[in-house]
Amino acid sequence: MKKNSTVKFLTFIVPHFLLFVTFICIPTIYGIYASFSKWNLMSRPRWVGLENYKAIFDPNSIFHTQFTIGLKNTLLYVVFMVPLLIIIPLLCAVALENKRVRFKGLFQGILYLPGLVSISAAALIWSLIFHSQLGMLSNLFGINIVWAAQQPYAWWLIIIVSLWGGIGGNMIIYRAAIAGVSKDLYESADIDGA
């Protein structure tokens, strides 16, 4: 019996472990190696040690400028998206738990559907919507804006697309948590006047 359970265990673990090593561990280790080398992706990497990291902190280097812009953009994204991806799905979950709301499953499915769309398909859809000349928004409003290349439109585009893809999954988690609250607590709150 023990041998059979070991075979079952390995049957489930080995494929995932191989995928994890192939697509996560090896690229990560190679990326760390590449960060210590000078490499133009055409020739062989040449070991330079900590020179790349020194360039990040040298104010006269282009790498310093790129690093600070990237760090600023990452922090802005986190500051905007983390609260929005908590608050909006929570509000949606609370609204769907209301007794007066009909077709809860339909609304939940509609909100969750973007999470099921692959990233490449979503990128294609949104690029068609926001295309500067052929896009739906440009034709609908008669404007010619390069949405992904101009500020603040690029930030709005990133926020909209991230919210579109992220609301559904978080809402499902919040709905499950709300459904797990005992009915006795609701009755006690009603009695206490809360």
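The values are calculated or read from the model by the stated rules, or taken from the named source; none is laboratory data. Since the model is a prediction, treat every value here as computed from it, not as a measurement. Ideal geometry is used to build each Cβ from the backbone, glycine not excepted, and the neighbour counts take in all protein chains shown. All accessible areas refer to the heavy atoms of the entire protein, side chains included, with ligands and DNA or RNA removed. Shrake-Rupley method; radii C 1.70, N 1.55, O 1.52, S 1.80 Å.
The table below lists the values:
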quantity	calculated
Count of the stretch 25-53 residues which are among the hydroxyl-bearing types (Ser, Thr, Tyr), outside any helix (DSSP H, G or I) and under 19 Å from Phe63 (Cβ atoms)	1
Yes/no for Leu41 being at pLDDT below 90 and more than 26 Å from the chain's Cα centre (by Cα)	yes
Matching residues in the stretch 57-71 - criterion: being part of a loop (DSSP other than H, G, I, E, B) and either within 26 Å of Trp155 (Cβ to Cβ) or of a type outside the set (Asp, Glu) (or both)	Pro59, Asn60, Ser61
Leu19, sole failed condition from (1) open to solvent by less than 60 Å² (accessible area, probe 1.4 Å); (2) farther than 30 Å from Trp155 by Cα; (3) within 22 Å of the chain's Cα centre (by Cα)	(1)
Those residues of the stretch 155-181 which are more than 16 Å from the chain's Cα centre (by Cα) and open to solvent by less than 50 Å² (accessible area, probe 1.4 Å), in sequence order	Arg175, Ile178
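Residues checked against (1) part of a helix (DSSP H, G or I); (2) open to solvent by 80 Å² or more (accessible area, probe 1.4 Å):
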{"position": "Ala55", "(1), (2)": "yes, no"}
{"position": "Asn73", "(1), (2)": "yes, no"}
{"position": "Leu76", "(1), (2)": "yes, no"}
{"position": "Val82", "(1), (2)": "yes, no"}
{"position": "Ile87", "(1), (2)": "yes, yes"}
{"position": "Cys92", "(1), (2)": "yes, no"}
{"position": "Asn98", "(1), (2)": "no, no"}
{"position": "Gln108", "(1), (2)": "yes, no"}
{"position": "Ala123", "(1), (2)": "yes, no"}
